[in-house]
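For reference, the structure is listed below as structure tokens.
What follows draws every value from the coordinates through simple rules; no lab data is involved. On a predicted model such as this, the values are computed, not experimentally measured, just so you know. Neighbour counts run over all protein chains shown; Cβ positions are idealised from the backbone, glycine included.
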Amino acid sequence: MISNKYLPILQEEGKKLLLFFVALLIVYLIAYSTQDIWTVIRVVASLFWFLVLPGFVTISFWREQFSFIERLIIGIVLSMAIAGVFSYFLNLLNLHVRWYGWIIPTVVLFVDGIIVYFRKEK
Amino acid sequence: MSLKQSSLEKIILLLFFIAFLFTGAGLLSDHALIHSFPYGIYAMDATSHLSFVQTLYQRGNFTYLPAYMAGGYTDALSANPPVIYYLTASFAHLAGIPWYDGVSIIMLLAFVLLPFVMYLIIHRFHPAAALFSLPVAYLLFANPFFSSLSWGEYPFILGVLFLLAGLWFVPVIRLSYLWLPLALILSANFLSHASEFVVLIGFIIVYILVEYFQKEKIKSYFKSLLPLFIVTGIMIAHYFIIFKNTFAKLQLSSSFKPIFTAGYLVPEFLNNFPVILIVIFGIGIFLSGLIILNSFKNKTKNWIVPVMALFLLIITYTNWIGQKRALQIRLLWPVLLMFFFGVVFYYAWTKIKSAHKEWIPALGAVCIGVILLLTYYTPFTHAGLLDQYTWESFTWIQENTPPEATILFFHGDVYNQHTMLNLVQRRTFRVKSEDQVQKAQQQILSRTFFILPETFLDTWLAYRKSLFEFGYHYSENESLYQGREMDICQFDYFVLTKASQAQPLAEYNIAIGQHLLENKKGELVFNNPLIAIVRNLHPGGDCLDIK
């Protein structure tokens, strides 16, 4: 269980991320206005899962030092870096590229969760 | 910054994000996420990267070049900086979209992110300077700068994105464990485009040196730098060995002679910016110098952002000492010069005495943005090099010919961007246009043409003999990969374009096709309004009945 200390932070960050997801969806609906809405939702959800969450959650270990906007923008670039570097190693393991988009964010979020858990234990 | 200002800043950032993405999506993909063929591709650098993404997407692995790209070899290493391929292919699988649209979506996002990362860097100098600087990045969507994206300089764009993110990390590197995300950024930078990795390392050295001369205790930096370099070294080690024995060995020039041309549009300060912007940039550079001197004198940290901006500016002129990548990095000048633009307005803003002063940067950014948008926005839509008919012929070949089939392309208007031929995923060859022009002028139907094999030779078909020892199929038999007079009858399929800007060449193609069919030496296996594909019924035989 996550301690009470982290719940308000998770709620606050969750709300902001949800708001960002909606904003991102609206931006993509505007920019790709000739595309059907379900495809836009699928693409934006994939972007959010693959290229927003891993980096944002990781850089949020320095939440007190950096603003939400900083963590968001740098988090996206960090997600790209994480995906790029770890894909290279998954490729060496001969794993098919179709799984990378699922494996990498899951592993990063899991590892981040473990770090938070052990931090809590301190 | 007050709460109201903070919310306003977010709104301004969102507005600029919409403006950048909307313009980019219009120029590159006609405001659609999914297309029936690779869309918005304008040069062969792009088609070359597309062919690698296609290979990775379909085979699932990219350790070796496919045989059709490697002159038939199956052990030739895929040595290109890999991040672009993995990012786009894995994203396309995840989102369930065509692989070429995955490239377009990810690369546009990376391109649009560039000014926002620079914004964060400038924000450390002053939020007002950051806001004022943002609109000038809209020039990214005007040529020659937009050609970095439309012509397919994808690894370079990712390299600069990671470079800027790395620069953002450097001043705060001493924060506990922050070296770890920076190590990921540095590693991704090397795996994306090594030249920007070198620039980032260069800036870290410059930064530490300036801190040293500022009498900062630089020992504290080494506590972060040591694990940073160890972890980065481990993460890039495997690719470093490949890179060192391919691109670094075969393509790096040690000449220090000035270079002024490259295989892409080279921006020039005086040619590609309007006079007003040149004046503003000039004043900005002058002010940056003053800020640095003042900062050194007063022992403040204000020097960091101007030094970064000047460092990046100087990098774009290292072509004078033989660094051709300097010409490439100029393609992103609208981002790299953002500080010089913003600092001029910031300086003017500091002189204003008004009760509503804090609103001016946001309003100013929007006003300047609107002016630049009205000046540079072009609702330009064009499919690019490929079209529906050409793509249909490519996919027909992929799906209906044996994997070992050889395909000969006669003249087509877009085949001079020849790396696109790899997209058919077979061993491809093309008739040299000049030779076909000559034969069309002489009205000779010929069996022999000067024919160019399409092989990926950037890394000489490097293969591994051991972990550190490499061989090169290309250097072992160079003549095999060079154009030469060849008998067309040895090929399995002929791709004949029926319409061209040079119509006599298209008519020549039709004549070849008709001759094959009339003499029952060929079979029409594919036909659409632009392309016909004829199968050679007797490969190696006398397919044209002429000497």
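Between the alpha-carbon centers of the range B:1-56 and the range B:257-335, tell me the distance in whole angstrom.
25
Place +1 on the Cβ of every Lys and Arg and -1 on the Cβ of every Asp and Glu in the protein assembly as shown, take the dipole about the Cα centre, and give the residue among B:Phe429, B:Ile18, B:Ala89 whose Cα lies farthest towards its positive end.
So the residue we want is B:Ile18.
What is the helix-to-structure angle for B:44-59, meaning the angle in degrees between its Cα long axis and the longest Cα principal axis of chain B, kept from 0 to 90 and rounded to the nearest 10?
80
Going by the alpha-carbon gyration tensor, a ≥ b ≥ c the square roots of its eigenvalues, is the range B:75-135 rounded (a/c under 1.5) or, if a/c is not under 1.5, prolate (a/b greater than b/c) versus oblate?
prolate
Hand me the chymotrypsin sites (Phe, Trp or Tyr not before Pro) from the range B:468-547 located in a DSSP loop with no more than 15 other Cβ atoms within 10 Å, in residue order please. Before the final figure, lay out the partial values.
Values: sites: B:Phe468, B:Phe470, B:Tyr472, B:Tyr474, B:Tyr481, B:Phe491, B:Tyr493, B:Phe494, B:Tyr508, B:Phe526; in loops: B:Phe468, B:Phe491.
Hits after loop and neighbour filter: B:Phe468.
Mind checking the mean number of beta-carbon atoms from other chains within 10 Å of the Cβ atoms in A:87-99?
Taking all residues of A:87-99 together, the mean is 6.
For the range B:129-178 and the range B:209-251, what is the separation of their C-alpha centers, rounded to whole Å?
Each part reduced to its Cα centre gives a spacing of 21 Å.
Could you pull out the GluC sites (Glu not before Pro) across the range B:445-492 that fall in loop regions by DSSP (anything but H, G, I, E, B) with no more than 15 other Cβ atoms inside 10 Å?
Filter output for the range B:445-492: B:Glu469.
Membrane-span-like helices in chain A: DSSP H runs reaching 24 Å or more (Cα, own axis), mean Kyte hydropathy at least 0.0?
A:7-31, A:68-92, A:100-121
Can you check how the C-alpha radius of gyration of the range B:467-527 compares to 2.2 N^0.38 Å, as a plain ratio?
Against the empirical 2.2 N^0.38 Å value, I get 1.71 for the range B:467-527.
Taking loop as defined by DSSP and a crowding limit of 14 other beta carbons within 10 Å, which GluC sites (Glu not before Pro) in the range A:55-122 fit?
A:Glu64
Suppose the Debye formula is applied to equal point scatterers at every Cα of the range B:499-547; what is log10 I(q)/I(0) at q = 0.13, 0.17, 0.22, 0.30 Å⁻¹?
With one equal scatterer per Cα and no solvent, log10 I(q)/I(0) is -0.31, -0.52, -0.80, -1.13.
Give the shape of the range B:307-403 as rounded, prolate or oblate, defined through the alpha-carbon gyration tensor: a ≥ b ≥ c are the square roots of its eigenvalues, a/c under 1.5 means rounded, and otherwise the shape is prolate if a/b is larger than b/c and oblate if not.
Oblate.
For the range B:3-376, what's the relative contact order in percent, using C-alpha pairs closer than 8 Å and at least 6 residues apart?
Answer for the range B:3-376 is 22 percent.
What is the Å³ per residue value for the convex hull set by the Cα atoms of the protein assembly as shown?
Once divided by residue count, the hull of the protein assembly as shown is 175 Å³.
Tell me the angle of helix B:304-315 to the major Cα principal axis of chain B, expressed in degrees between 0 and 90 and rounded to the nearest ten.
Orientation of helix B:304-315: about 30 degrees from the principal axis.
Divide by every residue of chain A the summed helix terms, -39500 (n - 2.57) for each DSSP H run of at least 4, and state the resulting mean residue ellipticity at 222 nm, rounded to the nearest 500 deg cm²/dmol.
Result for chain A, helices only: -25000 deg cm²/dmol.
Counting other beta carbons within 10 Å of each residue's own, what order do B:Thr261, B:Thr459 fall into, fewest first?
Placing the least packed residue first, the sequence is B:Thr261, B:Thr459.
Of A:His96, B:His515, how do they rank once you tally other Cβ atoms within 10 Å and put the fewest first?
Least to most surrounded, the residues fall as A:His96, B:His515.
Does the range A:7-121 come out rounded, prolate or oblate by the C-alpha gyration tensor, with a ≥ b ≥ c the root eigenvalues, rounded set by a/c under 1.5 and, if not, prolate when a/b is larger than b/c and oblate if not?
oblate
How much of the DSSP bridge set in chain B is antiparallel, in percent, rounded to the nearest 5?
Percent antiparallel among DSSP bridges in chain B is about 70.
Run through the DSSP bridge list for the protein assembly as shown and note the antiparallel percent, rounded to the nearest 5.
70
With angles folded into 0 to 90 degrees, how steeply does helix B:3-29 sit against the dominant principal axis of chain B? Use alpha carbons for both and round to 10.
Once rounded, the angle reads 20 degrees.
So if R0 is 30 Å, what FRET efficiency would B:Ser220 and B:Ser6 give, r being the distance between their Cβ atoms, rounded to the nearest 0.05? Intermediate results must be reported in sequence, preceding the final value.
Working: r = 31 Å, r/R0 = 1.04.
The computed FRET efficiency comes out at 0.45.
Give the order of B:Leu149, B:Leu327, B:Leu544 when sorted by the count of other beta carbons within 10 angstrom, beginning with the fewest. Walk me through the intermediate numbers first.
Values: B:Leu149 26, B:Leu327 22, B:Leu544 18.
In increasing order of surrounding Cβ atoms, one gets B:Leu544, B:Leu327, B:Leu149.
When Cβ neighbours within 10 Å are restricted to other protein chains, what is their mean count per residue of peptide B:7-17?
That average works out to 2.
Give the Cα extents of chain B along the principal axes, in whole Å, largest first.
Over chain B, Cα extents along the principal axes are 88, 54, 45 Å.
For chain B, which cysteines have no second Cys with its Cβ under 4.7 Å from theirs?
B:Cys367
Of B:Tyr221, B:Ile259, B:Thr300, which is farthest towards the positive pole of the protein assembly as shown's charge dipole, taken about the Cα centre with +1 and -1 on the beta-carbons of Lys, Arg and Asp, Glu respectively?
In the protein assembly as shown, that residue is B:Thr300.
Binning at 10 angstrom from zero up to the longest distance, how are the C-alpha pair distances of the range B:375-428 distributed in percent?
Histogramming the range B:375-428 at 10 Å steps yields 20, 48, 19, 10, 4, 0 percent.
Summarise the partner chain shielding of A:31-41 as one whole number: the mean count of Cβ atoms from other chains within 10 Å of each residue's Cβ.
On the way: counts 15, 11, 5, 7, 6, 3, 0, 0, 7, 2, 0.
Mean shielding count: 5.
Quick one: net charge around B:Ile407, please, counting Lys, Arg +1 and Asp, Glu -1 for every other residue with C-beta under 10 Å from its C-beta. Intermediate results must be reported in sequence, preceding the final value.
Values: positive: B:Arg426, B:Arg427, B:Arg430; negative: B:Glu454, B:Asp492.
That sum, taken over residues with Cβ under 10 Å, equals +1.
Averaged across orientations, what area in nm² does the convex hull of the alpha carbons in the range B:261-350 project? Write down the numbers at each step before the final one.
Numbers: hull surface 25.7 nm².
For the range B:261-350, the mean projected area of the Cα convex hull comes to 6.4 nm².
Can you give me the long-range amide H partners of B:Tyr64? Hydrogens built in the peptide plane at 1.01 Å from N, cutoff under 5 Å, separation of 5 or more residues or another chain.
Answer set, sorted by chain and number: B:Ser78.
Divide by every residue of chain B the summed helix terms, -39500 (n - 2.57) for each DSSP H run of at least 4, and state the resulting mean residue ellipticity at 222 nm, rounded to the nearest 500 deg cm²/dmol.
So the calculated ellipticity at 222 nm is -17000 deg cm²/dmol.
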